Structure formats: C-alpha cells, structure tokens
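Where a number appears in this text, it was derived from the coordinates with a stated rule and is not lab data. Keep in mind the model is a prediction, meaning the values are calculated, not measured. A quick note on method: Cβ atoms are made from the backbone with ideal geometry, for glycine too, and the neighbour counts reach across all protein chains shown.
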Amino acid sequence: MNVAIVKYNAGNIYSVVNALRRLGIEPLLTDNAEELKKADKVIFPGQGNAREAMEYLHKHHLDEVIKSLKQPVLGICVGQQLLCRHSEEGDVDCLGVFDVDVKRFTPQRHEDKVPAMGWNEIKPNSNPLLKDLGPHPYVYFVHSYYVPVCKETIAEADYILPYSACLHKDNFYTCQFHPEKSGKVGEQILRNFLEL
C-alpha cells in the first residue's frame, strides 16, 4: 500500500512515520502534488501554528492539492484544524473542507490549563475509522484550539466544553489527538484508516 504523508513546515511528522512503520508501512514523505494524488492513502499531520502552516501550504500550492484529493485523507492535530474553514490561531482562513471554525479554549476555572495536554477519553460513534476501540478509549491530546461539535463530528471529547475529537466528511477523516502517540487505541485507529 502506498501511503503518503504531506511534508510541510509542521512538527511531529517523524512520530507518524514511525507509527506507520510499526504497522508494516513504509510511508512516502512528500510535498509533490503528483505523488500525493497517486497515493492510496494520504496523512496530513501537524503541530505548530495554523497561520504559518497555511502560508506554507499556499506558497507551495499544497492547499489546492489537499482539497482536491479523492482517496482517504487523515488530518491529525493541526491537520484537523487546517481542514476547517477558519482558525482563531493567527485569524487565518483554512482549507474549508469542513464548514466550521476553530476556536481557542477559554479557561473557565483556575484548574483549566491551556494548552489541553495529556490523556482524555473520546466518545466515538460507529464510524469505520473508530471501530474496535473497546470501552472508554483514551488518547493523547496537546492543543490550545478546538473544533466545536458539528454535523461532521464522529467522536467527542470533553475539556472545558465538549468538542470534536474526530471529524468525517466524504474521503476526509480527522483526529484532534495524536493517534501515533496514543498506544493501542491510536494504533487501532491508524490500522482502521489503512483499511478504509
């Protein structure tokens, strides 16, 4: 199977590479439009700043390429946020695959820390990306911004308020958390994605 990872100025790409290698996949790390279009599956990971990421994607024409992909695409962390309409992080327009805006967490109590960091339970629906996760699946999050619950939400998490842990629309799937750092649950999600 030919799995491509979108190469751009976002951290955390190599932990995704290593997670796929553990599943027997040697992914292609590329910013080449033709290679991305030819891949069986595409992973769009990311850590970092939404505005800087969008500027890089525009400059290298990757924004149009990503939106035009027809095979299964998995956005991870900032990758999920960049697939939305707009982000409060840097007040930037994003790719607009999901018609929802990314918001910054607003602490309500003294103990509410931003960024939200650590293990949290997700409440998945019956989407094929989320099958066989077992009861009370916990995954690893690091984020200051979140996608509100919307019609494309397929898993919710709760930190300060309920928000979208995963989204799905057409061939686009996303995780706000890091499946590559989420132990057996994350490995199962990556395996499910590869089987889509």
For this session: Please tell me the relative contact order of the range 25-134 in percent, rounded to the nearest whole number, where contacts are Cα pairs under 8 Å and at least six residues apart.
Result: 20 percent
For this session: Mind putting a number on the dipole of the chain about its Cα centre? Charges go on the C-beta only, +1 for Lys and Arg and -1 for Asp and Glu, and I need it in Debye to the nearest 20.
Result: 380 debye
For this session: Distance check, please: which entries in Lys59/Lys103; Lys38/Lys70; Lys37/Lys67; Lys7/Lys169; Lys59/Lys169 exceed 20 angstrom between their Cα atoms?
Result: Lys59/Lys103; Lys7/Lys169; Lys59/Lys169
For this session: Hand me the chymotrypsin sites (Phe, Trp or Tyr not before Pro) from the range 51-114 located in a DSSP loop with no more than 15 other Cβ atoms within 10 Å, in residue order please.
Result: none
Exercise. Which entry in (1) 69, 48, 24; (2) 48, 38, 28; (3) 64, 33, 30 matches Cα extents along the principal axes in Å derived from the coordinates of this structure?
Worked result: (2)
Exercise. In the range 74-143, which trypsin sites (Lys or Arg not before Pro) are in a loop and have at most 10 other Cβ atoms within 10 Å, using DSSP for the loop call?
Worked result: Arg109
Problem set entry | Built amide H within the under 5 Å cut-off of Ala165, gap 5+ | Ala155, Glu156, Ala157
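With a ≥ b ≥ c the root eigenvalues of the C-alpha gyration tensor of the range 85-150, is it rounded (a/c under 1.5), prolate (a/b larger than b/c) or oblate?
Here the range 85-150 falls in the oblate category.
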Exercise. Short version: ³J(HN,Hα) in whole Hz for each residue of the range 93-110, in order, from phi by Karplus 6.51 cos²θ - 1.76 cosθ + 1.60 (θ = phi - 60°), x for Gly and Pro, what are they?
Worked result: 6, 10, 7, x, 5, 9, 8, 8, 9, 8, 10, 8, 4, 10, x, 9, 9, 4
Exercise. Which GluC sites (Glu not before Pro) does the range 81-125 hold that lie in a coil by DSSP with at most 13 other beta carbons within 10 Å?
Worked result: Glu111
Seminar exercise, completed: Expected vector for the range 125-141, Karplus 3J(HN,Hα) from phi with 6.51, -1.76, 1.60 and θ = phi - 60°, integer Hz, x for Gly and Pro, equals 8, 8, 4, x, 4, 10, 6, 6, 8, x, x, 6, x, 10, 9, 9, 10
Problem set entry | J(HN,Hα) series, the range 21-32, from Karplus relation 6.51 cos²θ - 1.76 cosθ + 1.60, nearest Hz, glycine and proline x | 4, 4, 8, x, 10, 9, x, 9, 8, 8, 10, 8
Problem set entry | the range 57-196, relative contact order in percent, only Cα pairs under 8 angstrom and at least six apart counted | 25 percent
